[in-house]
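The structure under discussion appears below in the form of structure tokens.
Nothing in this text is a laboratory measurement; each read-out follows from the coordinates by a stated rule. Everything quoted here is computed from the prediction, not taken from an experiment. Because the Cβ atoms are built from the backbone with ideal geometry, glycine has one as well, and the counts that use them run over all protein chains shown.
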Amino acid sequence: MTPIDRAPIVIERIAVPATLDGPDAADFVEAVAVENATRAHALGSDEMAWLPDEQLPNWLDAYKDMRWFVVRDAGRIVATGSYESRLDGDSATTAHVDVTVLPSHRRRGIGSALLAHVEEVARREGRTQAIAYVRSLGDAGPRLLPPTGAGSVGADDPAVRLLLGRDWVLGQVMRCSRLALPVDEEALAGIRDRARAAAGDDYRLRTWIGRSPDEWLADLADLETRMSTDAPSGGVDEPEDIWTAERFRDAEDKALAGPRTRFTAVVEHVPTGRLAGFSQLEAPAERSRPAFQQDTLVLREHRGHRLGWLLKIATTDLLTAERPGHPGVFTFNAEENRPMLDVNEAVGFVPFEYEGVWSKQVRADGAGERLRP
């Protein structure tokens, strides 16, 4: 019997350091390692790992309230629970939460305690909805379908049973896809030519590496805002998340301060001079590790011209031209988003893993155990 089996579960909030060089960074680094180890165990691969210096910029977002909680066993972190919400605006009513427990410490009530804790933090902070992205493990046994009817999760999975037991509702299934690099250039050329022909003269492709030009900041902020309204959200009530040029620049500068390189492709609508879509891809410093597709969106009013194809191919072209050697690219899409999945599959992406998107209405009537912040 381990020490944690004999004692109450203690949930502790850890500090998010300003840099990884300070004495307060050790817990953050250890918590990241727990997340990466748990993910690698589930997937049988460490390709999805994000290192501490890659994660830290997101945790330093001045526009969000982000808190990280841990449980220790004999002084070692064995589980984490995160809470994230906007500080203002309509989207401040929603909190995103996550719980991770090392496989060696499951079935001891740690995950249940952490989930209850972050739910209580959300309730106490006045949030009315919580959202969680939970990896779907195993294909055997009965399946639970979201209201979209696209994709499913295992009904007997312990995480699914935990969520259902706490009144969480499955709203959507997300697909993570992987593109092996290098891509077959002959096949890619045909897709590229068809995309350019469909776009015609009304759309102009632009690309860059690193910091975005000032002239496009307002349009990029609008595109980020539209990510919260135009991207499929299934049965999850995703509130509008308003971005400004200042917020976009702040987030970009923080991201670029980390070790990852950002590649951006945008499509300009020539008649209006406004951006009709964008796609971002980030690559780690080590070329032995895969890159990750970030936000990709074509505005509703500009769909039907294969601009998504154009953008996906452009970021892949940019990566392979400037940083050859990465083994692959990962991207995430809603399972019901067939137009974007068509884009990915045409380029060569194949399914890698799935996640359920869950939501819960957080009670604001004072019910629930009071927990330390």
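Just a few scattered comments:
- For ALA95, the residues whose amide H sits under 5 Å from its own are GLN129, ALA130, ILE131, ignoring neighbours fewer than 5 places away on the same chain, with H placed 1.01 Å from N.
- Each DSSP beta bridge with both residues in the chain is either parallel or antiparallel, and the antiparallel ones are about 90%.
- Dipole magnitude of the stretch 135-287, debye to nearest 20 (Cβ charges: Lys/Arg +1, Asp/Glu -1, about Cα centre): 420 debye
- Nearest-0.05 FRET efficiency for ALA285 and GLU246, computed from C-beta distance (R0 25 Å): 0.35
- Rounded FRET efficiency, nearest 0.05, which uses the C-beta distance separating ILE209 from SER45 and R0 of 30 Å: 0.65
- Rounded Å value of the spacing that divides the Cα centres of the stretch 81-114 and the stretch 1-72: 12 Å
- HN-Hα J in Hz across the stretch 165-178 - Karplus 6.51, -1.76, 1.60, θ = phi - 60°, x for Gly and Pro: x, 10, 6, 7, 10, 6, x, 6, 10, 9, 9, 9, 10, 10
- For the pair VAL270 and ASP139, label points projected 7 Å from Cα toward Cβ lie 4.6 nm apart.
- Anchor LYS64: lysines whose Cα lies under 27 Å away (excluding residues fewer than 8 positions away in-chain): LYS254, LYS360
- Fewest-first sequence of TYR63, TYR203 by Cβ atoms within 10 Å of each Cβ: TYR63, TYR203
- Between ASP61 and any residue 5 or more places off or on another chain, the built amide H atoms are never under 5 Å apart.
- Peptides 151-161, 169-179 ranked from most to least packed give 169-179, 151-161, packing being the mean of other C-beta atoms within 10 angstrom over each peptide's residues.
- Extension gain for the segment ALA74 to GLU186, taken as residue separation times 0.36 nm less the Cα-Cα distance, is 34.7 nm to one decimal.
- For the chain, the 222 nm mean residue ellipticity estimated from helices alone, with every DSSP H stretch of n ≥ 4 adding -39500 (n - 2.57) and the total spread over all residues, rounds to -10000 deg cm²/dmol.
- The residue among PRO351, ALA7, ALA79 whose Cα reaches farthest toward the positive pole of the charge dipole of the chain, with charges on the beta-carbon of Lys, Arg, Asp and Glu, is ALA7.
- Test item: Cα-centred dipole of the chain, Lys/Arg +1 and Asp/Glu -1 on Cβ, debye: 800 debye
- Residue among ALA187, ALA199, ASN337 farthest towards the positive dipole end of the stretch 178-351, charges placed on Cβ: ALA187
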